[in-house]
Amino acid sequence: MIVRKNQSELEKMRASGLLVYQILNTLRGMVGEGVSTLELEATAEKMMADAGAKPAFKGYSSANAGKYPFVMCVSVNDEIVHGMPSQKKILKKGDIVSLDTGVQLNGYYGDSAITVAVGEISPEVQRLLDVTRESLDLAIDKARPGNRLFDICGAVERHVLANGFSIVREFVGHGIGTQMHEEPQVPNYVDRRNENPRLKEGMVLAIEPMVNAGAPGSRVRPDKWTAVTEDGKYSAHFEHTVAITANGPWVLTGP
Ligand code: MF3
Ligand code: CO
């Protein structure tokens, strides 16, 4: 069942989303050569505590890997998602770094991710970031009452494939609300084996394209969390929590 949220619930979700937006904006400004990924984690954790919010990721339980130990995922270069912050991981020029975090505030979750460049990157890597970001924007534009889930999935898929990149299939977006992961799953491709529900006012989706520069394959490192590309090529990730309203898409994790 897809849980729909009323106006007052959406306003609570906006508060969570806005905090996530502010955290990612701060972290974006911190990213640079010589910064460790654990410094980003520390700042995110402090901002959540200061706002009285609960980290959505820390303590999150996965069947295979146990509890996730950090408030954010920081995934560098060939890491697709779920990279773990570390003091030993120092950003360097030419890296791309995905910053993914979520909070729970007043019972409601917000979840968002951005991928940013460390110093100058090659034009081809910049294109990977641009196409991934554009695919999210195109998908968000489909988040309207009367459309269907596949309109969102297809918008990402079309744009990514048309630009010669590939779509990670093992990880998907999701409904979000009083749980970080609610129905429906939101793959970044049209999977005709799945249902294709009509989108209705009050539904809230975390749409999160994960796009590989090379082949679509992924594997998980022995740490059981970090998903990396099989071919070692770069991967980008952008995510927004988006409410479907009568007035169109409301990007809860936006400005
Ligand atoms: N944005 C990811 C998701 O929606 C992050 C989850 S990381 C975890 O699934 F640690 F919480 F699992
Ligand atoms: Co998510």
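A single entry from Gly173, Gly217, Gly164 fulfils the requirement of being at pLDDT 95 or above and at positive phi: Gly164.
Answer yes or no as to whether Ser86 is assigned to a loop (DSSP other than H, G, I, E, B), touching a residue at least 40 places away in the same chain (Cβ under 8 Å) and not aromatic (Phe, Trp, Tyr). Against the criterion (assigned to a loop (DSSP other than H, G, I, E, B), touching a residue at least 40 places away in the same chain (Cβ under 8 Å) and not aromatic (Phe, Trp, Tyr)), Ser86 qualifies. Just give me the residues in region 114-132 being in a helix (DSSP H, G or I) and within 16 Å of ligand 1 (Cβ to nearest atom), in sequence order. If the condition is that a residue be in a helix (DSSP H, G or I) and within 16 Å of ligand 1 (Cβ to nearest atom), then Thr132 is the only one that fits. For region 195-204, taking the residues that are more than 13 Å from ligand 2 (Cβ to nearest atom) and touching a Gly at 6+ places or on another chain (Cβ under 9 Å), the one that is farthest from Val20 (Cα to Cα) is identified as Arg198. Is there a residue in region 204-217 that is crowded, with 16+ Cβ neighbours inside 10 Å, of a type in the set (D, E, K, R) and away from ligand 1 (no atom under 14 Å from the Cβ)? Looking through region 204-217, none of the residues is crowded, with 16+ Cβ neighbours inside 10 Å, of a type in the set (D, E, K, R) and away from ligand 1 (no atom under 14 Å from the Cβ).
Of the candidates Arg4, Arg28, the single residue that is under 15 Å from Ile176 (Cβ atoms) and of a type outside the set (Ser, Thr, Tyr) is Arg4.
Scanning region 110-128 finds no residues that are over 23 Å from Pro209 (Cα atoms) and within 20 Å of the chain's Cα centre (by Cα).
Table: residues versus (1) more than 16 Å from ligand 2 (Cβ to nearest atom); (2) part of a loop (DSSP other than H, G, I, E, B); (3) open to solvent by 10 Å² or more (accessible area, probe 1.4 Å); (4) in contact (Cβ under 8 Å) with a residue 40 or more places away in the chain.
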{"site": "Ser112", "(1), (2), (3), (4)": "no, no, no, yes"}
{"site": "Phe150", "(1), (2), (3), (4)": "yes, no, yes, yes"}
{"site": "Gln179", "(1), (2), (3), (4)": "no, yes, yes, yes"}
{"site": "Arg193", "(1), (2), (3), (4)": "yes, yes, yes, no"}
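Taking region 49-83 as the range and being acidic (Asp, Glu) and free of Cβ contacts under 8 Å to residues at least 12 places away in the same chain as the test, only Asp50 passes.
Quick check: is even one residue across region 234-254 closer than 28 Å to Gly66 by Cα and open to solvent by 20 Å² or more (accessible area, probe 1.4 Å)? Yes, that holds for at least one residue. Selection over region 86-99 of residues that are within 16 Å of ligand 1 (Cβ to nearest atom) and open to solvent by less than 10 Å² (accessible area, probe 1.4 Å) gives a count of 3.
The values are calculated or read from the model by the stated rules, or taken from the named source; none is laboratory data. Source: prediction; values computed, not measured. Neighbour counts are summed over all protein chains in view; Cβ atoms, including those assigned to glycine, are modelled from backbone coordinates with ideal geometry. Accessible surface areas use protein heavy atoms only, side chains included; no ligands, DNA or RNA. Shrake-Rupley method; radii C 1.70, N 1.55, O 1.52, S 1.80 Å.
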